[in-house]
Each structure stands twice: as structure tokens, then as C-alpha cells.
1. Considering only residues that are surrounded by 18 or more Cβ atoms within 10 Å (Cβ to Cβ), assigned to a helix (DSSP H, G or I) and either within 7 Å of another protein chain (Cβ to nearest Cβ) or of a type outside the set (A, V, I, L, M, F, W, C) (or both), which ones fall in segment C:27-37?
2. Restricting to segment C:46-73, give me the number of residues that are more than 12 Å from chain B (Cβ to nearest Cβ) and surrounded by 16 or more Cβ atoms within 10 Å (Cβ to Cβ).
3. Could you check how many residues of segment B:26-40 are assigned to a helix (DSSP H, G or I) and either buried (at least 24 other Cβ atoms within 10 Å of the Cβ) or in contact with a Leu (Cβ under 9 Å, 6 or more places away or on another chain) (or both)?
4. From the list C:Leu24, C:Leu10, which one is touching a Phe, Trp or Tyr at 6+ places or on another chain (Cβ under 7 Å), buried (at least 19 other Cβ atoms within 10 Å of the Cβ), hydrophobic (A, V, I, L, M, F, W, C) and in contact (Cβ under 8 Å) with a residue 12 or more places away in the chain?
5. Of these, B:Glu131, B:Glu136, which one is closer than 25 Å to B:Gly56 by Cα, modelled with pLDDT of 95 or more and touching a His at 6+ places or on another chain (Cβ under 6 Å)?
6. In segment B:128-152, how many are hydroxyl-bearing (Ser, Thr, Tyr) and within 7 Å of another protein chain (Cβ to nearest Cβ)?
7. Return the pairs, sorted by first residue and then second, in which the second residue is among the hydroxyl-bearing types (Ser, Thr, Tyr) and surrounded by 14 or more Cβ atoms within 10 Å (Cβ to Cβ), the first residue lies in segment A:21-38 and is free of Cβ contacts under 8 Å to residues at least 60 places away in the same chain, the beta carbons are less than 7 Å apart, and the residues are 6+ apart or on different chains.
8. Can you list residue pairs whose Cβ atoms sit under 8 Å apart, with the first residue in segment B:95-115 being over 13 Å from B:Leu25 (Cα atoms) and the second being surrounded by fewer than 15 Cβ atoms within 10 Å (Cβ to Cβ) and among the β-branched types (Val, Ile, Thr)? Count only pairs 6 or more apart in sequence or on different chains.
Amino acid sequence: MVRRVAGEAAMAPPECVPKLLPCHIRLAEAYVPYKVYTVAFSPAEALCAGTVFPDLYRPYAACGEGGVSPWR
Amino acid sequence: MWVYEKKLEIPVRVSIPDVRMAARLITQYGGPDGELSAAMRYLTQRYTMPTGMTRGLLTDIGTEELAHLEIIATMVYKLLDGATIEQIKAAGLDLQYAVRDKAVFFQSPTGEPWTAAYIQSLGDPIADVHEDMAAEQKARAVYEQLMRLTDDADLIQGLQFLREREVVHFQRFGEALDNLQEFVERKKVY
Amino acid sequence: MTIPPEQMALLRRIQETQFVAVDLNLYLDTHPDDQKALCDYNGASLQLQALMQEYEQCYGPLMHFGQEASRLPWAWIEDPWPWDIRY
């Protein structure tokens, strides 16, 4: 399957990394961008983070009693 | 065939016993969006998946969810460890205690037993993978809700891990969805 | 139940190494042609096997159902069980 780099990558802020989208995007279908493996956390970091992939690391900030839901 | 490894996927710690938090955490053991639901959903959907990628991914994520089920059970077990009858009564959990002491069980925090009605295996791979992606988002949301209910830094560390796994699983299911959508599209070309 | 620091440290290394393998396993399921990922997975796998062998020799089996041999008495049923360990 041929893939191309998403066009917005060139204008993206430095912390964004190029993502791949399928060439043929069709209506009424959902797509999640692919990311090719480049860098990895160390094993110790990975176990703490919950993933080996730094760009999939999305820790939750509003922990603790009194943390607020972003929806309300 | 399943084989068990006599170790947890991660070290699980709690700072102090907390009966009420144990009762809340049970939702990720036997509740609608918990690890049992996830494991059973993926391990039963895999039989009717058409590609090696989706069969492999559902087998592997389903197996990892069983390991997460064990983590939740360990958290509950440690949160209840050493709790006195007075603490159990004070947390409003004496009715639960009357039924099954401190045993871990497949139910929601309000006592509804786990049911296969929480999951689905339609046999339509596209529908099934969308269900899986939704399940990962629901589990992520529940972990966030649970993290807002405690100040125990050790427990939060474990819940952060479990929440992050939902984020990663969602990404992988999304990639598998693309594989399935291309598979279906290719089958239309005669 | 507490375990000696050396056992805890080795168990931690096993968990870290295996977790890398687990996350790369899921990645390889959807990226079966990724050579770098496969190389790192195989590296983690070899390291994991060595660490587990070291752990079993000192502290008893981590696997059942024929994955590892045992001494007498049957070591599989001995403490500690994972949910009892004070990490």
C-alpha cells in the first residue's frame, strides 16, 4: 500500500512529527494516522510512561481529588 | 492456548489502604468499560476477523488486557489489605462485605454483575474494530475519572500506565481499521 | 510480602524488558515490515530470555505448563505470588 506524508507536516510546530495517511481516503470511513517507528524511550522510561513510543505518550494532567473534567 | 507468567506487567503500589477507592476501582475489573470486558471482547472477536493482522492484534491486545485485569485486582487487594470492619462500615461497604468479605469480584461498584451485554462481536470486522476503538476511549475516560478521585500518587502512577495503554491500543486498532478497509476495498475489484 | 532488593531489581528489569517487547509486538502486528522494530523486538526478546533464566535459577519459576523445568518440591506453588509482593 502506497503512503504519502501528510501535507501539513511542513508547516507544523516543531513538536509535531510527520504522520502518514492512506492515499485513498473515502467518505464514511474513519482513519487514524500511521507513525513510523524512529525513536524509543529506554526500557525504564517506557515502563513508567506506559509506552515505548514518545509520540504516543499522552499523560493525564488533571489527576488528584479536585481535578476537573475538561468537558464541564 | 494461554500460559501464565507469575509476575505483574508493572509493579503495583498503593500508599495507604482506601476501602472506598477499592470499591470505585472495581468498575475496571467487572464493570462495563473495564479490563474483563476488553479482554473478552477482543478474544472473542478475533475468530471472525479476515486478516492475520487483525487476528494477531486482537489476540495480543486481548491477552494484555488479562494482564491489566490482574493489575486492577492487585490494586483492589492492596487497597483493602488490613482494612478493619470499622473502616469498611465507614466507607459504606458493609453490605458488600456481608456478601463476600474482601473478595475481588466481577461486578460494578454498585453491585451489578458483569454481563456479556457489555460487549459485542458482530462478525462484521469493520463494526467490530469500531467497537474496539470506542471501548479504548471509554476505558481511557474511566481511568481519568478514577484519577480525579484519589490523591494517592502511587496508585495514580499505576492508573496512568493503564490509561496510556488505552491510548496506544486505540492507535493500533485505528491502524488495523485501515488494513481492514483496504482489504474490503480490494475485494470489490473484480 | 517483601522480597530481597536483588530479586526486586531483577524482577524490575524483566518487567521493563518485557514491556518493550509487548509494545513493539503490538506495533509489529500493524507494521509487519518494519525492520528497525523487528530488530529491537528480537533484541528485547533475547535479553528477556536471559533475564528470566537468571531469575528462575535464583528465585524459582516464572512460567508453568512446561515452559520451565522445576526442582523438588514443586516450586511453582511457592510464595511470593505477584499480588502479594510489596513493590
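The values are calculated or read from the model by the stated rules, or taken from the named source; none is laboratory data. Because the structure is predicted, anything quoted here is derived from the model rather than measured. As a convention, Cβ positions derive from the backbone with ideal geometry for all residues, glycine included, and neighbour counts pool all protein chains shown.
1. C:Tyr27, C:Asp29, C:Thr30, C:Ala37
2. 1
3. Summing the residues that are assigned to a helix (DSSP H, G or I) and either buried (at least 24 other Cβ atoms within 10 Å of the Cβ) or in contact with a Leu (Cβ under 9 Å, 6 or more places away or on another chain) (or both) in segment B:26-40 gives 9.
4. C:Leu24
5. Exactly one of B:Glu131, B:Glu136 is closer than 25 Å to B:Gly56 by Cα, modelled with pLDDT of 95 or more and touching a His at 6+ places or on another chain (Cβ under 6 Å), namely B:Glu136.
6. 1
7. A:Leu21/A:Tyr31; A:Pro22/A:Tyr31; A:Ile25/A:Tyr31; A:Tyr37/C:Tyr27
8. Short answer, once both residue conditions are applied: B:Tyr97/B:Ile85.
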